[in-house]
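*Asks:* There's a structure below that I have some questions on.
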There are 2 protein chains.
Amino acid sequence: MKPDDSKTVYDGKLIDVVVERWGDHEREIVDHPGAVAIVAVDSEGMLTLVRQRREAVRVELLELPAGTLEAGEAPLDCARRELEEETGLTGGSWREAATFYTTPGFCRERMHLFFAEELERGEASPESDEELEVVRWPTSEIAANVAAIEDAKTIAGLLLYLQKVG
Amino acid sequence: MKPDDSKTVYDGKLIDVVVERWGDHEREIVDHPGAVAIVAVDSEGMLTLVRQRREAVRVELLELPAGTLEAGEAPLDCARRELEEETGLTGGSWREAATFYTTPGFCRERMHLFFAEELERGEASPESDEELEVVRWPTSEIAANVAAIEDAKTIAGLLLYLQKVG
């Protein structure tokens, strides 16, 4: 599956935009390095989420800890790094639970979802442009609370987690 | 919540890219008109999905019927239009089940998820740049089959549907 023609129309820091010609139509496509998200449960059985100001959409959202892959970085390494930075959680037992595309109609972002359990609590060290509030839920309250979530990866990740442990 | 400065760096057909300055950092943001997706169940209790070639990510994906909002279009009108075009399904009983952001870290796309039941089958009329294959599953098989899905909105939508009817 290859386009007949491709040109980069925007070359940015996080994303690029390419316009590809496929037969008789053109596609505008956002190029993205990929990402990770983590359903993080500590050794006391508490799920850890992060609430943050999402400037792109002008609201605060409660989400799974997540982050963008750096060049050449393995998804699991990225996930452990982002989780520790955002929440201080370390250690634990990890597995890659799913991979999915976030918006396959116009963007190449592919997300690796991890389930991490038996995590140990420590100090968070968020990056300077991140203001994060750590929020903890007992895992028994996920099903009742998921209706308040407004982020697609978080809804998908939490319900996949419930399906696999439930 | 307002940026200190904003400039459009790419002005496209479906999407724009803006770079916003927020205090000491800049954000690259994809502007997008918003979208709809539908968990569509017909009067025989069959879920309807669409399999399509997703050129952006170079694979075929099985997804909820979905589409992009046109200027000024109400989400429900868009959802009924897209569902009929892609699958031929009409009528039925509809409700808006959730709204969520698909990728709030860098894109404004907000998705309206509908549950439509008791739909009537008819002829599909896809747009010329869409090659769609309609796939039907008994709703009783959703839980077992969802692990094969690689699209975030479809995982979220199907598991929310199971949670609300189950």
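*Asks:* Which one of B:Thr103, B:Ala124, B:Thr154 has its Cα pushed farthest toward the positive end of the charge dipole of region B:33-166, where Lys and Arg give +1 and Asp and Glu give -1 at the Cβ?
*Replies:* B:Thr103
*Asks:* Under a Cβ-only charge scheme (Lys and Arg +1, Asp and Glu -1), can you give me the dipole magnitude of the protein assembly as shown about the Cα centre, in debye to the nearest 20? Provide the component values of the computation, followed by the final result.
*Replies:* Working: 36 positive and 70 negative charges, 119 e Å.
Around 560 debye, computed over the protein assembly as shown.
*Asks:* Mind listing which GluC sites (Glu not before Pro) in region B:17-117 are in a DSSP loop and have 16 or fewer other Cβ atoms within 10 Å? Before the final figure, lay out each step's value.
*Replies:* On the way: sites: B:Glu20, B:Glu26, B:Glu28, B:Glu44, B:Glu55, B:Glu60, B:Glu63, B:Glu70, B:Glu73, B:Glu82, B:Glu84, B:Glu85, B:Glu86, B:Glu96, B:Glu109, B:Glu117; in loops: B:Glu44, B:Glu55, B:Glu70, B:Glu73, B:Glu109.
Those satisfying the criteria are B:Glu44, B:Glu70, B:Glu73.
*Asks:* What are the semi-axes of the equivalent ellipsoid of region A:22-62, taken as the square roots of 5 times the eigenvalues of the Cα gyration tensor, listed largest first and rounded to whole Å?
*Replies:* Numbers: eigenvalues 250, 56, 11 Å².
They are 35, 17, 7 Å, listed from largest to smallest.
*Asks:* So the label point sits 7 Å from Cα along the Cα-to-Cβ vector; using that for A:Pro126, what distances do you get to the other copies, in nanometres, sorted shortest first?
*Replies:* 4.3
*Asks:* Using the Cα centre of region A:12-61 as the reference point, and only Cβ charges (+1 on K/R, -1 on D/E), how large is the resulting charge dipole? Debye, rounded to the nearest 20.
*Replies:* Numbers: 7 positive and 10 negative charges, 50 e Å.
The dipole of region A:12-61 has a size of about 240 debye.
*Asks:* Based on C-alpha coordinates, I'd like the Rg and Dmax of the protein assembly as shown, in Å.
*Replies:* My reading of the Cα-based Rg and Dmax gives 19.7, 58 Å.
*Asks:* Could you check how much of the accessible area of the protein assembly as shown is carbon and sulfur, as a whole percent, using a 1.4 Å probe? Walk me through the numbers before you get to the answer.
*Replies:* Values: 6080 of 14460 Å².
In the protein assembly as shown, the share of accessible area belonging to carbon and sulfur is 42 percent.
*Asks:* Can you show me the helix-derived [θ] at 222 nm for chain B, built from DSSP H runs with n ≥ 4 at -39,500 (n - 2.57) apiece and divided by the number of residues, rounded to the nearest 500.
*Replies:* -5500 deg cm²/dmol
*Asks:* Which of A:Lys164/B:Lys2; B:Lys7/B:Lys164; B:Lys13/B:Lys164; A:Lys13/A:Lys164; A:Lys7/A:Lys153 have a Cα-Cα distance over 32 Å?
*Replies:* On the way: A:Lys164/B:Lys2 40 Å; B:Lys7/B:Lys164 42 Å; B:Lys13/B:Lys164 37 Å; A:Lys13/A:Lys164 37 Å; A:Lys7/A:Lys153 30 Å.
Cα-Cα > 32 Å for A:Lys164/B:Lys2; B:Lys7/B:Lys164; B:Lys13/B:Lys164; A:Lys13/A:Lys164; rest within.
*Asks:* Hey, another quick one. I need the shape label for chain A. Rule: rounded when a/c is under 1.5, else prolate if a/b > b/c, else oblate, with a, b, c from the alpha carbon gyration tensor.
*Replies:* Verdict is prolate for chain A.
*Asks:* Between A:Leu47, A:Pro65, A:Val165, whose Cα lies farthest towards the positive end of the dipole of chain A when Lys and Arg beta carbons carry +1 and Asp and Glu beta carbons carry -1, centred on the Cα centre?
*Replies:* Sorting the options by dipole projection puts first A:Val165.
*Asks:* Interface A/B, total buried accessible area with a 1.4 Å probe, nearest 100 Å²?
*Replies:* Working: alone 9710 and 9720 Å², together 14460 Å².
That pair hides around 5000 Å² of surface in total.
*Asks:* When only alpha-carbon atoms are used, what values of Rg and Dmax, in angstrom, describe region B:1-84?
*Replies:* Spelled out, the Cα radius of gyration and Dmax of region B:1-84 are 17.5, 57 Å.
*Asks:* Shifting gears a bit: Can you list the residues in region A:20-37 whose accessible area drops by at least 50 Å² when all protein chains are present, compared with the chain alone? Use a 1.4 Å probe, heavy atoms only.
*Replies:* At a threshold of 50 Å² (probe 1.4 Å), the residues of region A:20-37 that become less exposed are A:Trp22, A:Arg27, A:Glu28.
*Asks:* Let me check against my output: what whole-number percent is the relative contact order of chain B, with C-alpha pairs under 8 Å and at least 6 apart?
*Replies:* Values: 346 pairs, mean separation 40.6, N = 166.
Relative contact order comes out at 24 percent.
*Asks:* Which cross-chain or sequence-distant (5 or more) residues have an amide H under 5 Å from the amide H of A:Ala97, H modelled 1.01 Å from N in plane?
*Replies:* Result for A:Ala97 returns A:Leu113, A:Phe114, A:Phe115.
*Asks:* While we're here: For label points placed 7 Å from Cα toward Cβ, what is the shortest-first list of nm distances from A:Arg81 to its copies?
*Replies:* 4.4
*Asks:* How many Å² of accessible area per residue for the protein assembly as shown, probe 1.4 Å? Can you show the working numbers first?
*Replies:* Working: 14460 Å² over 332 residues.
With all protein chains present, the protein assembly as shown gives 44 Å² per residue.
*Asks:* Name the long-range amide H neighbours of B:Val135: under 5 Å, sequence gap of 5 or more, or other chain; modelled H, no Pro or chain starts.
*Replies:* Result for B:Val135 returns B:Leu49, B:Val50, B:Arg51.
*Asks:* One decimal, nm, shortest first: give the distances between the label point of B:Asp5 and those of the same position in the other copies, each label point 7 Å from Cα along Cα→Cβ.
*Replies:* For B:Asp5, the other copies' label points sit at 3.6 nm, shortest first.
The values are calculated or read from the model by the stated rules, or taken from the named source; none is laboratory data. Everything numeric here is computed off the predicted structure, so don't read it as measured data. Please note: Cβ atoms are built from the backbone with ideal geometry, for glycine as well, and neighbour counts cover all protein chains shown. In case anyone asks, the SASA skips ligands and DNA or RNA and just uses the protein heavy atoms, side chains included. Shrake-Rupley method; radii C 1.70, N 1.55, O 1.52, S 1.80 Å.
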